[in-house]
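The values are calculated or read from the model by the stated rules, or taken from the named source; none is laboratory data. Remember, predicted model here, so these are calculated numbers, not experimental data. Cβ placement follows ideal geometry from the backbone for every residue including glycine, while neighbour counts extend to all protein chains displayed. These accessible areas exclude ligands, DNA and RNA; they are computed on the full protein's heavy atoms, side chains included. Shrake-Rupley method; radii C 1.70, N 1.55, O 1.52, S 1.80 Å.
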Amino acid sequence: SAGIKDVIEEVLAQHYGALPDGLHVVSNKMAWSPAGRHTGFHPPLIHMFNKDESHLRGVGWFEDAGARRNALVLGDSLGDAVMAGDDGERHDVVLRVGFLNEVETEGELLAAYSRAFDVVVLRDSSLDFVMSHILGDVFASAKLAKAAAAG
């Protein structure tokens, strides 16, 4: 996401607790001075013109993420749909959720979003669908797997 990783992770942590091992938020991470002032963003900077995985090679968690069977992509532009590559290329399953924030949600734009994304959320709706139906299941499954591994 070209959004702010720190904010996304904090919202997830407040809603679900600690992030499960192996779950990576791919977004722009804020950089802070020792005095606690925001000084910029850590590279690589994600923006609308580089939303594929090519700029992530060499980032520490990239290979681990590539070994993950599933990926979830959330985006509000057509370019976001390609962020995790094609199905089968690096992941067995990529679920793409697109947010079509336009007031007019009929015609060419809706058709394009419907082709690019598996789910399209219309008209600046809330994240309730994603938080309860998708991320809730991800976090619940991760907690069950962790408990089973602990024995």
Sole miss for residue 118 among (1) closer than 19 Å to residue 138 by Cα; (2) modelled with pLDDT under 85; (3) open to solvent by 30 Å² or more (accessible area, probe 1.4 Å) is condition (2)
In region 23-43, residues that are surrounded by fewer than 16 Cβ atoms within 10 Å (Cβ to Cβ) and in contact (Cβ under 8 Å) with a residue 60 or more places away in the chain total 0
Taking region 83-107 and the residues there that are open to solvent by 30 Å² or more (accessible area, probe 1.4 Å) and at pLDDT 70 or above, the one that is farthest from the chain's Cα centre (by Cα) would be 107
